[in-house]
Amino acid sequence: MWLEGVVTSEYERDTLPLLFSPDEVFNEYYEVLAQKNPSFRRPLEMIHARNAKAREQRSSGYWQECLNVLSQCLHLRRCIFDDDDFQYVAAAHHYVLSILNFATFFLNQSRTASTPALREGILAKAFQLFKQAEEASKQTANPQHSSFLRAIVANNMANYLYRRRRMKAACQQTTIALKHWSRCRVGPGTAFFIARDATSLCFAGKWEEAAKALTLVKKAAEEEDFSGSQGDPELFAGAPVRFNIQLLANPMPISDATQLVLNHNIAVTLIALRRHKEATAWCQKAMEAATACSRHLAPTHPWIKSIAACQNFCNNASGNPLYNKFRMKADDCHMPEFRQMQRLIGETRTMPVFSNLLHHHRQRSLEKQAEKEAAEEEERQYRDNLTRQTAAAHQQPGTVSLYHGTNRDNPAGPPPAGVRSTRKRLPMASLRLYIKETTYKQFVDEYAAERRAARQARADSAKKRDLIQAQETDLQLRTIEKQRAEDNDDVSSSTSSGTD
């Protein structure tokens, strides 16, 4: 399940009352600002007039024109105040958060669009504003505040990409949000960002990493009690404004929603790892968390249906008689075919296909292991036989004559040290005697017979070839002689006819 949480803020309480505050507060702010800066009264009056125009445009629904005027006011403030002055820094934060507020509003409105065309138009506006907020957040001078703004923009933009069903891009945005959030060093909400990043591993199909990350963040989420902008202001010391995290389509507290989604997603990862009994326990925890939030979740809510379906699947899988046969083992997750099998599950939406493939893979692995053991046993027996034959051959007299330079008639062994033997060594004769008197004699005889047969076959083939060639030559000579005889007969007949 995707944790569709967005970061919201009543940011005018910590920045400036420029857009959403009552008219009395808005006018009073500019009067006090002009009194404190009498030398800038004329430029401040221009900013006041433009800002009032932006408020009117917001009330009329001209959100893009409103943001353009706010951008002009921000540039005018930069001409008056220094870059590190609160009036300019707060206005810059106000501008980024206003863009993000409009983008999140359009994202929420896309849920209730009456037609697909209207929904696409609203989502296009949201995307345009998200990109605008992303560019504006990069212009913040304070690195810590810039990281905070970029983190919440990336987090809310991930929900837009999820609505577009662009899961890979949404997972990338959650990773970017967690990276910037860790840099801004804001304590509250950290478990939410880590849970979102761990959930993205599930959508990426990295089940082992997801199971470890979700289990770790589950403990951190239980310890963290995020109360949002109503909590202690000291907790938000690293952030430019106080903020709150809430679900986009439900008033359910974000801490309860995080616990519920973590329980369900851990169960899903365990199902993917074929650990159904453990997944059953996590499904039960998810259902208990959903029951505790029954006032926010109706029985027909998609989350309730998803948890119930997951729970039924786990019960059926773990209670099946074939469960022990098809149960996932520790080594199965590391085999190369595992990802292909899981991809097949996504295409066919059926688990029996995966179970059958896994069973066949195990059978093939066992057959290969048996063949390997049989080959090793055969090789071992061959080595043992060869060793025994060599030991038996070394006990024959020919072996002594081979290594000592003697024969059967002189088995006395080598001459004494320092005495040179007068007998001429005949290594080839010794080798022939060794071969003749050992068990390899039959092999040598057969090999010699094969050689003789091959030589005889080659000789017979040469004789046959010569005979055929001689017959062909004889036939050609006979043909030539016959042709000459016929030519002579023709000449004689023609001569006799001429004489007559």
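The values are calculated or read from the model by the stated rules, or taken from the named source; none is laboratory data. Since the model is a prediction, treat every value here as computed from it, not as a measurement. Quick reminder, even Gly has a Cβ in these numbers, built from the backbone with ideal geometry, and neighbours come from all protein chains shown. Quick note on the areas: whole protein, heavy atoms, side chains included, nothing else; ligands and nucleic acids left out. Shrake-Rupley method; radii C 1.70, N 1.55, O 1.52, S 1.80 Å.
Residue by residue through the range 293-316, note down the ones that are of a type outside the set (A, V, I, L, M) and part of a helix (DSSP H, G or I). Full working, then the answer.
Here is the first cut: in the range 293-316, the ones of a type outside the set (A, V, I, L, M) are 293-296, 299-303, 305-306, 310-316.
Matches in the range 293-316: PRO302, TRP303, LYS305, SER306, CYS310, GLN311, ASN312, PHE313, CYS314, ASN315, ASN316.
Look at the range 177-202 and say how many of its residues are surrounded by fewer than 20 Cβ atoms within 10 Å (Cβ to Cβ) and either modelled with pLDDT under 85 or in a loop (DSSP other than H, G, I, E, B) (or both).
So the count comes out to 3.
For the subset of the range 230-251 comprising residues that are open to solvent by 20 Å² or more (accessible area, probe 1.4 Å) and assigned to a helix (DSSP H, G or I), which member is modelled with the highest pLDDT?
LEU235
Pairs needed: first member in the range 210-223, more than 14 Å from SER200 (Cβ to Cβ) and touching a residue at least 12 places away in the same chain (Cβ under 8 Å); second member anywhere, part of a helix (DSSP H, G or I) and hydrophobic (A, V, I, L, M, F, W, C); C-beta distance under 6 Å; at least 6 residues apart or different chains.
LYS218/LEU262; ALA220/ALA191; ALA221/ALA191
So in the range 102-122, with the set limited to residues that are of a type in the set (Val, Ile, Thr) and in a helix (DSSP H, G or I), which one is surrounded by the fewest Cβ atoms within 10 Å (Cβ to Cβ)? Talk me through it step by step, then tell me what you get.
At the first step, the residues of the range 102-122 found to be of a type in the set (Val, Ile, Thr) are 104, 112, 115, 122.
Going one step further and asking which of them are in a helix (DSSP H, G or I), we end up with 104, 112, 122.
Working: THR104: 24, THR112: 10, ILE122: 19.
That would be THR112.
When THR174 is evaluated against the numbered criteria (1) over 23 Å from GLY205 (Cβ atoms); (2) hydroxyl-bearing (Ser, Thr, Tyr); (3) in contact (Cβ under 8 Å) with a residue 24 or more places away in the chain; (4) assigned to a helix (DSSP H, G or I), which criterion, by number, is the only one it fails?
The number of the failed condition is (1).
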